[in-house]
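**Q** Questions regarding the structure given below will be posed in turn.
Values quoted throughout were computed directly from the atomic coordinates according to the rules given, and no laboratory measurement underlies them. In this text, all values refer to a predicted model and were calculated from it rather than measured experimentally. Don't worry about glycine lacking a Cβ; one is built from the backbone with ideal geometry, like all the others, and counts go over all protein chains shown.
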Amino acid sequence: MRHDVTKNIANKFDKYAISYDENAYLQSQIADYFSLFIQKNCINIDKICEIGCGTGNLTQKISKIFTNSSITALDISKNSIEIAKKKVENSNVKFKIESAINCKYTDYDGIISSMSLHWLGENLLEFLKTLEVNYAYFAIPVENSLMQVKNRILELGALDTITKFPKNADIIEVLGQKFNIKSEIFRVKTQMQMNKAIKNLAKFGTLSNNRNSIANIKKILEDNKIIDIDYEVLMLFCERK
């Protein structure tokens, strides 16, 4: 991922960090379920890296699951990490401002990531292919996520601005070359006006760089139709073969 793209993402999350938690109700539900999935598949791991810790909602939970582990929580947003530090007081957790691409994963025995790797876009599968750790827990939004939002954008005559999510099968195929895998699909949904949905999704890394005309953007931002906002999330526990 290019440096300028990473910087733009960091700036975006720095901007929205204070209001993130009050808008991230679906992400919060996903973190709750993911923590249960992790607990169900919990094993002893000495050094853990959490990728994209954000404001620390999942960090709180995993610090109580892996009480004997050393956990490093990474995020590229300084403001998000400052909020996370206030939530997580466990001595086994330290925070670091760093991107998923630049981290040296050979320093860790396992990694955890929830709802952050889709930021890698087309680089996601290559990232998973080259991953060198013994254990990994992932929650990744996949292909059937946000379908009603996508369809509504097209109905309005605009270009699809929703990130192209990866396919379940592609992720499992890549990881299956190195890891034994346990997986679950978790689905979560709420309803919202289209214009509010787009504004919220812009904060969570689910809008692509497709350029719509000013007229099309106006159509989307003035559309108050109630639609489903839904995520299909692939949850994975990976253990090195």
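**Q** Which one is nearest to the chain's Cα centre (by Cα), of the residues in the stretch 78-91 that are within 19 Å of TYR25 (Cβ to Cβ) and without any contact (Cβ under 8 Å) to a residue 40 or more places away in the chain?
**A** Of the residues in the stretch 78-91, the ones within 19 Å of TYR25 (Cβ to Cβ) are 80, 83-84, 87.
If we keep only those that are without any contact (Cβ under 8 Å) to a residue 40 or more places away in the chain too, we end up with 84, 87.
Numbers: ALA84: 16, LYS87: 19 Å.
The residue in question is ALA84.
**Q** Here's another thing I want to ask about it. One residue is enough: does the stretch 118-133 have a residue meeting the conditions touching a strand residue (DSSP E or B) at 6+ places or on another chain (Cβ under 6 Å) and under 21 Å from ILE51 (Cα atoms)?
**A** If we filter the stretch 118-133 for residues that are touching a strand residue (DSSP E or B) at 6+ places or on another chain (Cβ under 6 Å), which is where we start, we get 118, 133.
Filter once more, keeping what is under 21 Å from ILE51 (Cα atoms): 118, 133.
The answer is yes, given that some residue of the stretch 118-133 is touching a strand residue (DSSP E or B) at 6+ places or on another chain (Cβ under 6 Å) and under 21 Å from ILE51 (Cα atoms).
**Q** So which residues in the stretch 33-75 are of a type in the set (S, T, N, Q) and in contact with a strand residue (DSSP E or B) (Cβ under 7 Å, 6 or more places away or on another chain)? Spell out how you get there, then give the answer.
**A** Start the filter on the stretch 33-75 by keeping residues that are of a type in the set (S, T, N, Q), which leaves 35, 39, 41, 44, 55, 57, 59-60, 63, 67-70, 72.
Within the stretch 33-75, ASN41, THR59, SER63, SER69, SER70, THR72 qualify.
**Q** Let me ask something additional. Checking SER80 against (1) buried (at least 23 other Cβ atoms within 10 Å of the Cβ); (2) assigned to a loop (DSSP other than H, G, I, E, B), which single condition isn't satisfied?
**A** (2)
**Q** Step by step: first the residues of the stretch 83-98, then only those that are crowded, with 16+ Cβ neighbours inside 10 Å and touching a Gly at 6+ places or on another chain (Cβ under 6 Å), then the one that is farthest from TRP119 (Cα to Cα). Which residue is that?
**A** VAL88
**Q** For the stretch 41-77, how many residues are without any contact (Cβ under 8 Å) to a residue 60 or more places away in the chain and either in contact with a Cys (Cβ under 9 Å, 6 or more places away or on another chain) or crowded, with 21+ Cβ neighbours inside 10 Å (or both)? Even if it seems obvious, please write down each step before you answer.
**A** So the first thing to find is which residues in the stretch 41-77 are without any contact (Cβ under 8 Å) to a residue 60 or more places away in the chain, and the list is 42, 44, 53, 55-74.
From what's left, either in contact with a Cys (Cβ under 9 Å, 6 or more places away or on another chain) or crowded, with 21+ Cβ neighbours inside 10 Å (or both): 53, 55-59, 62-63, 65-66, 71-74.
Final tally of qualifying residues: 14.
**Q** Another question about this same structure. Tell me which residues, restricted to the stretch 92-118, are in a loop (DSSP other than H, G, I, E, B) and either free of Cβ contacts under 8 Å to residues at least 60 places away in the same chain or more than 17 Å from the chain's Cα centre (by Cα) (or both). I'd like the intermediate steps shown before the answer.
**A** Quick first cut of the stretch 92-118, residues in a loop (DSSP other than H, G, I, E, B) only: 92, 98-104, 108-109, 115-116.
Listed by number, the residues that qualify are ASN92, GLU98, ALA100, ASN102, CYS103, LYS104, TYR108, ASP109.
**Q** Can you list residue pairs whose Cβ atoms sit under 8 Å apart, with the first residue in the stretch 158-184 being under 21 Å from GLU132 (Cα atoms) and the second being assigned to a loop (DSSP other than H, G, I, E, B) and of a type in the set (S, T, N, Q)? Count only pairs 6 or more apart in sequence or on different chains.
**A** LYS182/ASN41
**Q** Next question, about the same structure. Among the strands (runs of 3 or more DSSP E) confined wholly to the stretch 122-241, which include 2 or more residues that are among the charged types (D, E, K, R) and within 22 Å of ILE62 (Cβ to Cβ)? Talk me through it step by step, then tell me what you get.
**A** On the way: elements: 135-141, 179-193, 226-240.
Those strands (runs of 3 or more DSSP E) span 179-193, 226-240.
**Q** Another question, then. Out of everything in the stretch 99-148 that is of a type in the set (S, T, N, Q) and over 23 Å from ASN180 (Cβ atoms), what residue ends up being surrounded by the most Cβ atoms within 10 Å (Cβ to Cβ)?
**A** Here is the first cut: in the stretch 99-148, the ones of a type in the set (S, T, N, Q) are 99, 102, 106, 113-114, 116, 123, 130, 134, 144-145, 148.
If we keep only those that are over 23 Å from ASN180 (Cβ atoms) as well, we get 99, 102, 116, 123, 144-145, 148.
Values: SER99: 20, ASN102: 11, SER116: 24, ASN123: 14, ASN144: 14, SER145: 22, GLN148: 16.
Top of the filtered list is SER116.
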